[in-house]
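Report on one structure; see the data block that follows.
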2 protein chains.
Amino acid sequence: MVTIVDVAKHAGVAPSTVSYVLTGKRPVSADTRVRVRESIQLLGYRPHAGLSARARTNVLALVLPLREGVHLPVAMRFVTSVVTSARGHDMDVLLVTADQGAAGLRALAESGRVDGFLVMDVELDDERVPVLRQLGLPSVLLGHPAAVKGLTCIDLDFEAAGARCVDHLADLGHRNIGFLGAPSVVYERNTGFAQRTLAGFSAAAMRRGVTSTAVPGEHGHDWVLAVVASLLRELPRMSALVVQNEAVLGQVVDCLRAEGRRVPDDVAVVAICPDELAERLRLTSVQLPVEVLGRWAVDLLMAKLKGHQPPALTLLPPKLASRTGSKSPEPRLRVTNGVG
Amino acid sequence: MVTIVDVAKHAGVAPSTVSYVLTGKRPVSADTRVRVRESIQLLGYRPHAGLSARARTNVLALVLPLREGVHLPVAMRFVTSVVTSARGHDMDVLLVTADQGAAGLRALAESGRVDGFLVMDVELDDERVPVLRQLGLPSVLLGHPAAVKGLTCIDLDFEAAGARCVDHLADLGHRNIGFLGAPSVVYERNTGFAQRTLAGFSAAAMRRGVTSTAVPGEHGHDWVLAVVASLLRELPRMSALVVQNEAVLGQVVDCLRAEGRRVPDDVAVVAICPDELAERLRLTSVQLPVEVLGRWAVDLLMAKLKGHQPPALTLLPPKLASRTGSKSPEPRLRVTNGVG
DNA sequence: GCAACGAATCGAAGCGCTTCGATCGTGATT
DNA sequence: AATCACGATCGAAGCGCTTCGATTCGTTGC
């Protein structure tokens, strides 16, 4: 390993002089500066990251707490999208999955190992937000807390998404609509997307004069059975169900059928999930545009790195894809090409 | 800022003892350990990683060149597996997707940003291998080059996998077997898994006296059509086809059907791919145990970080899952729970 | 011609942490 | 009882880098 001392020796100066050439914290004569630069080049010296490191690392941190209730396949779609986008900007991605919370963020920022942060799974009152605000590094949130001032956030408009489901179903004549959401831990954590969807759903139900019930959706087959049963008990005339829970979506449909309800004839199911999943199960859905969100988030971060100041909040309007009428033939494998 | 010295003073021990409690590199009596832990807790001490050159960064680099022919969904399954395993060892993952080759590896190692390397998409004569050998940092290859001495590699035994497909089909009486492989760029790069599978396939075909033809499988619907047509032309009596190409697998089956061949009645298709995909298409397959490989790779790397010297090459025996006989009902969503 | 000045550079003392040889108690072995 | 062995702990020497007071040395002002 080439150290600053090696460079100093080679250039015939003191290590501190090399340091000053690197940091520019004290004036160095043009002559010496050139000589030191040459030695650095020649020896292939790279300052040890974390100590000097005011230089760009070309690494962005994707902070993704892998905690209970996070649906891994969907999370990984985000990762894929972020990684491929980052690649287009010549950036690598540090996947920070250990949840050390705000302290972890600060430590990472101070260690100088990354150029910026992409933060996922944001809670309404997230403890990491104040830290992000005062941090020297730029950051973008995938999802948004209650107060977004001074931040840069991008998210699907989940409130509108929840409302959109109700409106769609109410337009079709449904008067009793259930809502099966994320696992309860997600609500207990006050995770933004879950709370907002529910709020949008509830408000729209009230506005449209629709009777509704909402329940969280725990994982595990027995739980799903119980949850579906309780929905049917609480809302006997339930003719439509909105599901925001990728992990149990398929099981929910199965359970409804096991209870003797035809889907979608007896119970119309609308999912809020990535398109592919809804496509496979042939369910009407509000699309969760994972790829767009991931790419956009990276673009926003790169813009901030270049010194721009993008808007505090970018909300994508929800899009509903109706899949009731046309019973397509056997679902087909969606083919994704490798990256060229 | 709370330093290790503060903790040591508070606990009434030497700083080195605190360090040993933290790293576990030397035994510390249970009594002392508890006391030190309490002081750490009480003072809110957070070790400042990255200051000392020898400090662990708790980051492992997952080197995954995102180049043509790499199938992203499968690659991301590896990433998922690696990330969740790494999480269990309190490690984060730096996803290095930029293909700067050997130079990039060296730069990364010298920058001191990672503790070790996990290298994917390994070629038979990979330029990165000599660098990995002389690097100070431990590394594990997912896949293996021609010469593995001094390395640590883990891989599915693709040669056996190729042979296994032939044996299975030959046992069923097939005498004309096609092989549809990865895109041709993958072979041109001399990527290990592709070359080995083909070698195993060919050798087994010869051994069993089976007529065979092998073609690479480019992406894009028109290409697939052309490739399938050419296979049927070259091997008119082809009654079985081995496919090692996740990206076009579904299309291949579609094209065969479009050509009037029933699958599996006229043409038995055996895939080499992750189980889930084969399950969805209801195809017999040799399983590509992505999750196991990823987890095992991380375990190997952690073992090396602890100073152990695992075997140079670990090969997983291929497992064939037969899915012909039982036509299961409508494919069901495979549910994966979030991480708890 | 000599002191004062300031830019350029040096040397050494840290930074917080790891690591290694040394030391200090034990209990077990002769 | 003296010795040994060994686990637990300490002290000090680094690690690569920054930082700051000190030291040059060529200018300038008088």
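Scan (1) in a loop (DSSP other than H, G, I, E, B); (2) at the interface with another protein chain (Cβ under 8 Å from one of its Cβ atoms) for the single condition residue A:65 breaks and write down its number.
(2)
Could you tell me which residue of the stretch B:83-92 is surrounded by the fewest Cβ atoms within 10 Å (Cβ to Cβ), considering only residues that are assigned to a helix (DSSP H, G or I) and more than 9 Å from chain A (Cβ to nearest Cβ)?
Residues of the stretch B:83-92 that are assigned to a helix (DSSP H, G or I), as a first pass: B:83-88.
Adding the requirement that they be more than 9 Å from chain A (Cβ to nearest Cβ) leaves B:85, B:88.
Working: B:85: 20, B:88: 12.
The selected residue is B:88.
Which of the residues that make up the stretch A:48-66 are buried (at least 16 other Cβ atoms within 10 Å of the Cβ) and modelled with pLDDT under 85?
To start, the set of residues in the stretch A:48-66 that are buried (at least 16 other Cβ atoms within 10 Å of the Cβ) comprises A:48-50, A:53, A:57, A:59-66.
If the condition is that a residue be buried (at least 16 other Cβ atoms within 10 Å of the Cβ) and modelled with pLDDT under 85, then A:48, A:49, A:50, A:53, A:57, A:59, A:65, A:66 are the ones that fit.
List the helices (runs of 4 or more DSSP H) that sit entirely inside the stretch A:1-47 and contain at least 2 residues that are more than 9 Å from DNA strand C (Cβ to nearest atom) and modelled with pLDDT of 90 or more.
Working: elements: A:4-11, A:15-23, A:30-43.
Output list reads A:4-11, A:30-43.
Would you mind listing the helices (runs of 4 or more DSSP H) fully within the stretch B:243-314 where at least 2 residues are touching a Gly at 6+ places or on another chain (Cβ under 7 Å)? Quick ask: steps written out before the conclusion?
On the way: elements: B:249-258, B:275-281, B:290-305.
In the stretch B:243-314, the matching helices (runs of 4 or more DSSP H) lie at B:290-305.
Among B:39, B:19, B:29, which is the only one that is more than 8 Å from DNA strand D (Cβ to nearest atom), among the polar types (S, T, N, Q) and more than 29 Å from the chain's Cα centre (by Cα)? Steps first, please.
Details: B:19 fails: more than 8 Å from DNA strand D (Cβ to nearest atom); B:29 fails: more than 8 Å from DNA strand D (Cβ to nearest atom).
It is B:39.
Give A:159, A:234 a once-over and let me know the one that is under 30 Å from residue A:304 (Cβ atoms) and open to solvent by 10 Å² or more (accessible area, probe 1.4 Å).
On the way: A:234 fails: under 30 Å from residue A:304 (Cβ atoms).
Just a single option satisfies the conditions, and that option is A:159.
Of all residues in the stretch B:1-16, which are near DNA strand D (Cβ under 8 Å from one of its atoms) and more than 30 Å from residue B:303 (Cβ to Cβ)?
Answer for the stretch B:1-16, where residues must be near DNA strand D (Cβ under 8 Å from one of its atoms) and more than 30 Å from residue B:303 (Cβ to Cβ): B:8, B:12.
Checking residue A:194 against (1) more than 27 Å from residue A:227 (Cβ to Cβ); (2) touching a Phe, Trp or Tyr at 6+ places or on another chain (Cβ under 6 Å), which single condition isn't satisfied?
It fails just one condition, (1).
Here is a yes/no grid of residues against (1) open to solvent by 20 Å² or more (accessible area, probe 1.4 Å); (2) at pLDDT 95 or above; (3) of a type in the set (D, E, K, R):
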residue	(1), (2), (3)
B:251	yes, no, no
B:255	no, no, no
B:259	yes, no, yes
B:262	yes, no, yes
B:266	yes, no, yes
B:271	no, yes, no
B:286	no, yes, no
B:289	yes, yes, no
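Which of (1) open to solvent by less than 10 Å² (accessible area, probe 1.4 Å); (2) more than 16 Å from DNA strand C (Cβ to nearest atom) does residue B:124 not meet, given it meets every other one?
Only one criterion in (1) open to solvent by less than 10 Å² (accessible area, probe 1.4 Å); (2) more than 16 Å from DNA strand C (Cβ to nearest atom) is unmet by residue B:124, namely (1).
Residue B:147: free of Cβ contacts under 8 Å to residues at least 40 places away in the same chain and within 14 Å of chain A (Cβ to nearest Cβ), yes or no?
No, not satisfied.
Counting only residues that are farther than 13 Å from residue B:298 by Cβ, part of a loop (DSSP other than H, G, I, E, B) and within 19 Å of the chain's Cα centre (by Cα), how many does the stretch B:105-126 have?
Here the count works out to 5.
For the stretch A:93-108, indicate whether the set of residues that are open to solvent by 10 Å² or more (accessible area, probe 1.4 Å), among the polar types (S, T, N, Q) and within 22 Å of residue A:313 (Cβ to Cβ) is non-empty.
Checking the stretch A:93-108: not a single residue is open to solvent by 10 Å² or more (accessible area, probe 1.4 Å), among the polar types (S, T, N, Q) and within 22 Å of residue A:313 (Cβ to Cβ).
Would you mind finding the one in A:146, A:182 that is part of a loop (DSSP other than H, G, I, E, B), of a type outside the set (Lys, Arg) and not assigned by TED's automatic domain parsing to the domain that holds residue A:240?
Details: A:182 fails: not assigned by TED's automatic domain parsing to the domain that holds residue A:240.
Within the list A:146, A:182, the selection yields A:146.
Regarding the stretch B:304-318, can at least one residue be identified that is free of Cβ contacts under 8 Å to residues at least 24 places away in the same chain and either touching a Pro at 6+ places or on another chain (Cβ under 7 Å) or on the phi > 0 side of the Ramachandran plot (or both)?
Yes, the conditions are met somewhere in the stretch B:304-318.
Give all pairs with beta carbons closer than 7 Å in which a residue from the stretch B:10-28 that is touching a residue at least 40 places away in the same chain (Cβ under 8 Å) and assigned by TED's automatic domain parsing to the domain that holds residue B:42 meets a residue that is within 9 Å of DNA strand C (Cβ to nearest atom) and among the β-branched types (Val, Ile, Thr); count only pairs at least 6 apart in sequence or on separate chains.
Nothing qualifies.
For the condition in a loop (DSSP other than H, G, I, E, B) and aliphatic (A, V, I, L, M), what is the one hit in A:102, A:98? Break it down into steps so the answer makes sense when it comes.
On the way: A:102 fails: in a loop (DSSP other than H, G, I, E, B).
Selected residue: A:98, the only one of A:102, A:98 that is in a loop (DSSP other than H, G, I, E, B) and aliphatic (A, V, I, L, M).
The values are calculated or read from the model by the stated rules, or taken from the named source; none is laboratory data. Predicted, not measured: the structure shown is a model, and the values here were computed from it. So basically every Cβ, Gly included, is an ideal-geometry build from the backbone, and we count neighbours across all protein chains shown. Heads up: the accessible areas ignore ligands, DNA and RNA and are worked out on the full protein's heavy atoms, side chains in. Shrake-Rupley method; radii C 1.70, N 1.55, O 1.52, S 1.80 Å.
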